[in-house]
Amino acid sequence: MVRRTLLCIFLPAGLYAQAPTFTKDIAPILQRNCQNCHRPGEAAPFSLLTYEQARPWAKAIRAAVVQRKMPPWFADPHYGKFLNDASLPQNEIDTVKAWADAGAPQGNPKDMPPPKDFADGWAIPKPDAVIELPVAYEIPARGTIEYQHILIPSPFKTDRWVQFAEARPTDRSHVHHIIAFIREPGSTWLKDAKPGIPFVPEKAKADEGKDTSELPSDFLVGYAPGQPPEQFKPGQAKLIKAGSDIILQVHFTTTGNPARIEAVSASSSRRSLR
């Protein structure tokens, strides 16, 4: 009797598959998830619009997505699903990893998708009201800047239902975030702030009790790198009561070069509600 020995070898799936290329596989991922910030004039430190721009950062991109540092998304998935979840699915992480490990090949230029069309100006419908920083702010070259609060006294004399709202800095490299708060009539929150003058409130003690009148009434809209505008569904809106103040909290950051911020804006747009 002749005995035969069979040797079975299981190879990892895709071991001999063609490596992903920038033009066909990576560029669409960057367009959907990264270029909103990684383009000229935005907060990210470098652009990822072209292969020439992305190639030197291939290893850094790989590390950032494998460690789930980019795109920035820190909500715990164990506590539900979010409509604006910015995290990459595992298959796209694997694609970026395989591309970088293969030497970041460019691929066929004909496979490159058309450039993404980014909004020039407001990303919401034409605003009905624009609230701007009333005075310019001088940013030093270095150092840490405390959160600045700027009071805009009661811009609306009647109740307003806001369906769309957006916050925009003119110099995104020097602005980490903006939050526009609503301070309703009767609130004593930031009662010492003067209209139009940047104000830094004293830090409250951890064990200090707070009267609800000393808190902001509501969040209107915010800006941070990659954050979309507030856009409510048809039939939904946010109420700004007549006589409410708007307080802009702005976190300016230093970059090694001094700057003068001429405008930080928050806009709102209302539509008929049925």
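The values are calculated or read from the model by the stated rules, or taken from the named source; none is laboratory data. These figures come from a predicted structure and were not determined experimentally. Cβ atoms come from the backbone with ideal geometry, glycine included; neighbour counts cover every protein chain shown.
Key figures
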item	result
Qualifying residue in segment 114-133 (condition: more than 27 Å from Pro234 (Cα to Cα), within 24 Å of the chain's Cα centre (by Cα) and surrounded by 18 or more Cβ atoms within 10 Å (Cβ to Cβ))	yes
Single match in Pro72, Pro12 (criterion: modelled with pLDDT under 95, in the same structural domain as Ala86 (by TED's automatic domain parsing) and not acidic (Asp, Glu))	Pro72
Filter pass, Pro155 being under 27 Å from the mean Cα position of the chain (by Cα) and not β-branched (Val, Ile, Thr)	yes
Check on Pro28, surrounded by 14 or more Cβ atoms within 10 Å (Cβ to Cβ), modelled with pLDDT of 95 or more and not in a helix (DSSP H, G or I)	no
Tally of residues being in a loop (DSSP other than H, G, I, E, B), touching a residue at least 60 places away in the same chain (Cβ under 8 Å) and surrounded by fewer than 16 Cβ atoms within 10 Å (Cβ to Cβ) across segment 137-153	7
Residue satisfying condition, being more than 20 Å from Gln31 (Cβ to Cβ) and of a type in the set (D, E, K, R), within set Asp111, Asp94, Asp76	Asp76
Residues of segment 37-87 satisfying the condition of being assigned to a loop (DSSP other than H, G, I, E, B), surrounded by 15 or more Cβ atoms within 10 Å (Cβ to Cβ), without any contact (Cβ under 8 Å) to a residue 24 or more places away in the chain and over 14 Å from the mean Cα position of the chain (by Cα)	Ser47, Leu48
Exclusive hit being at pLDDT below 95, among the polar types (S, T, N, Q) and over 30 Å from Asp171 (Cβ atoms), set Gln106, Gln18	Gln18
Given (1) surrounded by fewer than 19 Cβ atoms within 10 Å (Cβ to Cβ); (2) among the hydrophobic types (A, V, I, L, M, F, W, C); (3) under 22 Å from the mean Cα position of the chain (by Cα); (4) not in a helix (DSSP H, G or I), number of the condition Ala167 does not satisfy	(1)
Some residue of segment 99-122 being touching a residue at least 60 places away in the same chain (Cβ under 8 Å), of a type in the set (A, V, I, L, M, F, W, C) and not in a loop (DSSP other than H, G, I, E, B)	yes
